1. Could you go through segment 255-269 and let me know if any residue there is farther than 30 Å from Glu327 by Cα and open to solvent by 40 Å² or more (accessible area, probe 1.4 Å).
2. Restricting attention to segment 373-382, which residues are open to solvent by less than 60 Å² (accessible area, probe 1.4 Å) and either in contact (Cβ under 8 Å) with a residue 24 or more places away in the chain or in a helix (DSSP H, G or I) (or both)?
3. Filter segment 400-440 down to the residues that are in contact with a helix residue (DSSP H, G or I) (Cβ under 7 Å, 6 or more places away or on another chain) and assigned to a loop (DSSP other than H, G, I, E, B) and list them by number.
4. Please indicate, with yes or no, whether at least one residue in segment 68-80 is part of a helix (DSSP H, G or I), in contact with a Lys or Arg (Cβ under 6 Å, 6 or more places away or on another chain) and open to solvent by less than 40 Å² (accessible area, probe 1.4 Å).
5. Given the options Ser184, Ser177, Ser197, name the one that is buried (at least 19 other Cβ atoms within 10 Å of the Cβ) and without any contact (Cβ under 8 Å) to a residue 40 or more places away in the chain.
Amino acid sequence: MLLTTTDLLSVVAWSRAQFAMTAIYHWLFVPLTLGLGFICAFMETIYYRTGDEYWKRTTKFWMKLFGINFAIGIATGLILEFEFGTNWSNYSHFVGDIFGAPLAIEGIMAFFLEATFIAVMFFGWDKVSKGFHLTSTWLTAFGATVSALWILVANSWMQYPVGMTFNIETARNEMTSFWEVVLSPVAINKFFHTVLSGYILGSVFVAGLSAWFLLKKRERRMAKDSMKVAAIFGLVCSIFAAISGDRSAKLVARVQPMKLASLEALYDGQRGADLTVISIMRPARERVSNETVNYWEIKLPKMLSYMSFGNTDAYVPGINDLLYGNEDMGIISTTEKIERGRVVIDEIRRFQQAKESGDEEVLADVKMNFDPNVEQGRQFMDNYYRYFGYGYLNSPQEAVPNIPLVFYCFRIMVGLGFYFIIMFAGVLFLLHKNTIEKRRWILYILLWSIPLGYLAGQAGWVVTEFGRQPWTIQELLPTVAAVSRLDSGSVIVTFFMFLILFTALLIAEIKIMTKQIKLGPGRRSE
């Protein structure tokens, strides 16, 4: 299908909007599944060790909420994966051999693990031994986490493409090292940071609903015991999430410098760069240097350099460095990267034309450029192919993401992360003093912290995904080259169809959960 530039940009915009909307709804369900799965496993372990039927009732109550969320969340995940083939077919063709592998493993292994043992978890209470049922609950929780692992490996590869080589014959990237893809530092850190955020949300959810029961003076023993389990789990996970977040900053500084510069609104690179705690940004037309970024700000001296490179005097490149180059620091300009990317595109076209005309001499010459086993190929791949995606950009400014969006979302995520550490620690202190029921204002804070748990996760994904724009694959494939050649009208129609469907599913989940929460665990446990 031939599209005009306007039509193509419309398809890109609506395809991005559709994928973002699907991902946002999907991430409303996934983290709660991750967190509640392990909390249920902890509670059933207490039941297994004590034999107290009260813990069985408590576990079954939270397990019901887990099941409701799990069932509704599956639909959004399936649609999300289908969109790679429908809306992003060029992307799927270009890297399907690599990106498809972890998704296939997720479907075959992880989802199979969940589907097998979740049936025992819900329906096997009086049909299998206590030990086997406990094992099934733990395997269901682990299965959800393993499922997340493979999805996050695929996403991390898009942020930091490794373990592959380009095949000029097929114009596709092919995997050369499965373990390099799976065990890349970005994949490992993203996995831990993301699943920890899910565990935190599960803990916030349980603590908040337990606070509701205490406010209603219902199920007081269950509420306090559940709150204690959630607060311990949540505090541990919050601390480790902060540690993995620090590691994320160091990785982003090395592999996605434009993302780091954007989330800090750093226009001019500098040694001993300060970390902005909070600020009010000026409009885009007024922001051209560090001095014109903010109306008002609070900064920590030299902390950005330390956070990024472990050295308070390290040089942190700014947006202007990355756009216009910095010879002193060995940074080439985006304009130069665009030119090098277009050299690669021209070479691919030259190969295709030579293949059609049967020009063996040209074919051999081009193949040498893409052969990593010879010196000519290694130099070409390192100096030119690594910037392949830039060849599709029309101007250097297209390489800059939405700075205010990632700047403020990053601070929301980090701020809420520290808030949860304080919140869980405070809950444990008040439970230890047995005074939490007397602090009704604390209970209200816990209850209204539930949406903050969701907000923190969504803000984190905005930083991750919007921060790497315009790329679907970092520096190799921009969104404009990854999209399917569709009619924008069909994308618009399906956007609103999915919006209505996902909203209906969300409303259904809230109604079903609300009903189960009001019913409580059954027999009162005051």
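The values are calculated or read from the model by the stated rules, or taken from the named source; none is laboratory data. Note that the coordinates shown come from a computational prediction; the quantities given were computed from them, not determined experimentally. Virtual Cβ from ideal backbone geometry, glycine too; neighbours counted across all protein chains shown. Ligands, DNA and RNA are excluded from the accessible area calculation, which covers all protein heavy atoms including side chains. Shrake-Rupley method; radii C 1.70, N 1.55, O 1.52, S 1.80 Å.
1. Kept after step one, since they are farther than 30 Å from Glu327 by Cα, are these residues of segment 255-269: none.
No: segment 255-269 contains no residue that is farther than 30 Å from Glu327 by Cα and open to solvent by 40 Å² or more (accessible area, probe 1.4 Å).
2. Initial filter on segment 373-382 (open to solvent by less than 60 Å² (accessible area, probe 1.4 Å)): 374, 377, 380-381.
Within segment 373-382, Gly377, Phe380, Met381 meet the criteria.
3. Val400, Pro401, Asn402, Arg439
4. Of the residues in segment 68-80, the ones part of a helix (DSSP H, G or I) are 68-80.
Okay, now just the ones that are also in contact with a Lys or Arg (Cβ under 6 Å, 6 or more places away or on another chain), so none.
For segment 68-80, residues part of a helix (DSSP H, G or I), in contact with a Lys or Arg (Cβ under 6 Å, 6 or more places away or on another chain) and open to solvent by less than 40 Å² (accessible area, probe 1.4 Å): absent.
5. On the way: Ser177 fails: buried (at least 19 other Cβ atoms within 10 Å of the Cβ); Ser197 fails: without any contact (Cβ under 8 Å) to a residue 40 or more places away in the chain.
So the residue among Ser184, Ser177, Ser197 that is buried (at least 19 other Cβ atoms within 10 Å of the Cβ) and without any contact (Cβ under 8 Å) to a residue 40 or more places away in the chain is Ser184.
Rundown of residues vs (1) modelled with pLDDT under 90; (2) in contact with a strand residue (DSSP E or B) (Cβ under 8 Å, 6 or more places away or on another chain), yes/no style:
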{"residue": "Gln458", "(1), (2)": "no, no"}
{"residue": "Phe466", "(1), (2)": "no, no"}
{"residue": "Pro478", "(1), (2)": "no, yes"}
{"residue": "Val483", "(1), (2)": "yes, no"}
{"residue": "Asp487", "(1), (2)": "yes, no"}
{"residue": "Thr494", "(1), (2)": "yes, no"}
{"residue": "Ile500", "(1), (2)": "no, no"}
{"residue": "Leu505", "(1), (2)": "yes, no"}
{"residue": "Met513", "(1), (2)": "no, no"}
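Yes/no per residue for (1) within 25 Å of Ser197 (Cβ to Cβ); (2) among the charged types (D, E, K, R); (3) assigned to a loop (DSSP other than H, G, I, E, B); (4) out of contact with any strand residue (DSSP E or B) (no Cβ under 9 Å at 6 or more places or on another chain):
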{"residue": "Ala230", "(1), (2), (3), (4)": "yes, no, no, yes"}
{"residue": "Phe240", "(1), (2), (3), (4)": "yes, no, no, yes"}
{"residue": "Gly245", "(1), (2), (3), (4)": "yes, no, no, yes"}
{"residue": "Ala261", "(1), (2), (3), (4)": "yes, no, no, no"}
{"residue": "Ala273", "(1), (2), (3), (4)": "no, no, yes, no"}
{"residue": "Ser279", "(1), (2), (3), (4)": "yes, no, no, no"}
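Residues are listed down the side, and each one gets a yes or a no for (1) part of a helix (DSSP H, G or I); (2) open to solvent by less than 40 Å² (accessible area, probe 1.4 Å):
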| site | (1), (2) |
| --- | --- |
| Glu291 | yes, no |
| Leu304 | yes, yes |
| Thr312 | no, no |
| Leu323 | yes, yes |
